[in-house]
Structure formats: structure tokens, C-alpha cells
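Shown next, in C-alpha cells, is the structure this report addresses.
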Amino acid sequence: MTRDLARWPLRLASLLACLLFWQLAASHKLDLLLFTFTYVPTPGAVLDAAWQLLASNTLLAHLGSSLTRVFAGYGVAALLGVSLGLLIGRSKWLEDTLMPPLEVLRPIPAVAWIPLAILMFPSSELSMVFITFTGALFPILLNTVHGVEAIDPRLVASARSLGAGRRAILREVVLPGALPSIVTGLAIGMGTSWFCLVTAEMIAGQFGIGYYTWESYTLQNYPDIIVGMLLIGVLGMGSSALVKRLGALATPWIRRSA
């Protein structure tokens, strides 16, 4: 605990250094070789825009829409990804049957799913939840499969020799052994679900942080763009930290062995 507290001054200094560079570059309209700060607002202008958004009645609508979509899609992806990952990791037949089509679908970016999702679902709301689901599914699924496959076969053989059935092996050996990898996949999936949601909201949304950011760009409200970006970063970081914290509570033996 003391060691973690000792690291915070350096972390805060790093953030302050970034803010200082941002202030100097934006106020002096720094023009570099590959990019320019001519139209980038200063931190003060962004703070004013954030205060105006906080004082308005639209912030809760945007936050509520984005959070609902993220956790709906992510929840389904977590349930399906972990379940399928456990089954695929334990069955060569399922791996040969399901993994080839899944591997074909996995590299398709979220933005490429948007036109098809709009055609497939009766409402834009469901299509955005689906985009979030696709973004979270594959990191969770693959990490679960890798976690199951990494379990020492001798542990399974020992449990079987002691009379454990398939359900007992799954519950007492496979799931605890794969849980650290599952938690990693859940944390990564949360981050990718935010990325995919914002992409979908920019195209098909009416409310949400992604819609707010894109609308600010079309209206040339440049400080509001930065506010939207920072909101996305904070929400993504906070939700991923929440998943990691819950994962740490579910795997206390890792903390004890560290």
C-alpha cells in the first residue's frame, strides 16, 4: 500500500507535464511538421465548455444513453464470451467447429458492422448495443479460451483420478485456473466496447457521448470536442478499473502469491 502511494507523485507530475505542454502548444499555436495546434483549444477553454455542459440538462441524457448501451452490450458479450470460451477451450470438436468462422469475423472493425446492424435490427438503439457487443465479445472469448488451454493437464487428470466429474472439474479446476485470463479479457473488452460504442453513436446515435462529440465537430465547437474525448477516456478508464477491481476480488489467491 505504501509502495503504491509513493508512485502517485510521479503519476501526477506526468499529468501536469502533459497539461503544461497542451497549454503552451495551444496558446502559442504551435505548428509542427506533421500536425498543428492552431485550432486546438486551450485547457481553460475546455474547462469552460465542461462547466457549461455540467450546468446544462443534456449531460445526464448523454451519459445515461452511453452507459446503458455499453453495459447492455458488454453484459451479453461477457456472458456469451465466457460461456463459449469455456466450452471451446475444453472441446477440440467445438474449437474446430466454431473458431474458424469466429476468427473470420474477429478482424472486422466496428464501423464496418454499422450498415449491416442498421439493416438487421428494428431500431438504431439495438444496432448500437449490437456494435458494442461485437467489440467486447472477441477479447473476452479469446482470453477465456487461452486461459482454459493454459491449464496444466495434470491438474485435470488429478481431479479426475480423485473421482471428479465433468461439472466438478469445470467448477473446481478449469474456472479458477482460467479466471485470471478471463478477468484480463473482461477488462480489455470493456475498453473496446467504449471504442465501438462511440463509433456507432457518431453515425447512428441521437444521444450519447459519441454523438455529442461528433455534433460538436459539425458545429465547430472545438472545446466541446475535447470535453467529449475526455469524458470517453474517463468513463472507459473508470469502467475498466471497476472490472479489474471486481476481478481482483474474485482472485484473492493472486494477490497473496504476488
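The values are calculated or read from the model by the stated rules, or taken from the named source; none is laboratory data. Not measured: the values here are computed from a predicted model. Positions of Cβ are generated from backbone atoms using ideal geometry, with glycine treated the same way; all protein chains shown enter the neighbour counts. Areas reflect the complete protein model, heavy atoms only, side chains present, ligands, DNA and RNA absent. Shrake-Rupley method; radii C 1.70, N 1.55, O 1.52, S 1.80 Å.
The criterion of at least 3 residues that are open to solvent by less than 70 Å² (accessible area, probe 1.4 Å) is met, among helices (runs of 4 or more DSSP H) falling completely within the stretch 142-258, by 153-161, 175-204, 209-218, 222-250. Is it true that Leu59 is open to solvent by less than 70 Å² (accessible area, probe 1.4 Å) and closer than 30 Å to Ile225 by Cβ? Here the answer is yes, as Leu59 does meet what is asked. Close contacts from the stretch 215-226, counting a first residue that is more than 20 Å from Ala204 (Cα to Cα) and in contact (Cβ under 8 Å) with a residue 24 or more places away in the chain and a second that is among the small types (Gly, Ala, Ser) and outside any loop (DSSP other than H, G, I, E, B), with Cβ to Cβ under 6 Å and a gap of 6+ residues or different chains, come to Pro223/Ala45; Pro223/Ala49.
Within the stretch 71-78, at least one residue is open to solvent by 40 Å² or more (accessible area, probe 1.4 Å), part of a helix (DSSP H, G or I) and of a type in the set (A, V, I, L, M).
Given the criteria out of contact with any strand residue (DSSP E or B) (no Cβ under 7 Å at 6 or more places or on another chain), open to solvent by less than 20 Å² (accessible area, probe 1.4 Å) and modelled with pLDDT under 90, does Leu94 qualify? No; evaluated as a whole, the condition is false for this residue. Could you please find all residues in the stretch 122-132 being touching a residue at least 40 places away in the same chain (Cβ under 8 Å) and open to solvent by 40 Å² or more (accessible area, probe 1.4 Å)? Across the stretch 122-132, the qualifying residues are Ser124, Glu125.
In the set Gly85, Gly89, Gly81, Gly44, only one residue is surrounded by fewer than 16 Cβ atoms within 10 Å (Cβ to Cβ) and of a type in the set (Gly, Ala, Ser); that residue is Gly44.
Per-residue answers, yes or no, for (1) of a type outside the set (Gly, Ala, Ser); (2) at pLDDT 90 or above; (3) in contact with a Phe, Trp or Tyr (Cβ under 9 Å, 6 or more places away or on another chain):
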{"residue": "Ile188", "(1), (2), (3)": "yes, yes, no"}
{"residue": "Gly191", "(1), (2), (3)": "no, no, no"}
{"residue": "Cys196", "(1), (2), (3)": "yes, no, yes"}
{"residue": "Thr218", "(1), (2), (3)": "yes, no, no"}
{"residue": "Val227", "(1), (2), (3)": "yes, yes, yes"}
{"residue": "Gly236", "(1), (2), (3)": "no, no, yes"}
{"residue": "Ala248", "(1), (2), (3)": "no, no, no"}
{"residue": "Pro252", "(1), (2), (3)": "yes, no, no"}
{"residue": "Arg256", "(1), (2), (3)": "yes, no, no"}
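Looking only at the stretch 45-71, residues that are among the hydroxyl-bearing types (Ser, Thr, Tyr) and within 21 Å of the chain's Cα centre (by Cα) come to 3 in all. Among the residues of the stretch 188-201, is any over 29 Å from Trp22 (Cβ atoms) and either in contact (Cβ under 8 Å) with a residue 40 or more places away in the chain or of a type in the set (Gly, Ala, Ser) (or both)? There is at least one residue in the stretch 188-201 that is over 29 Å from Trp22 (Cβ atoms) and either in contact (Cβ under 8 Å) with a residue 40 or more places away in the chain or of a type in the set (Gly, Ala, Ser) (or both). Cβ-Cβ contacts under 6 Å between residues 6 or more apart (or on different chains), taken from a first residue in the stretch 103-121 that is closer than 21 Å to Leu84 by Cα and at pLDDT 85 or above to a second residue that is of a type outside the set (D, E, K, R) and open to solvent by less than 70 Å² (accessible area, probe 1.4 Å), are listed as Arg106/Phe138.
For the stretch 164-189, a residue qualifies if it is within 13 Å of His146 (Cβ to Cβ) and in contact with a Pro (Cβ under 8 Å, 6 or more places away or on another chain), and the qualifying residues are Gly185, Ile188.
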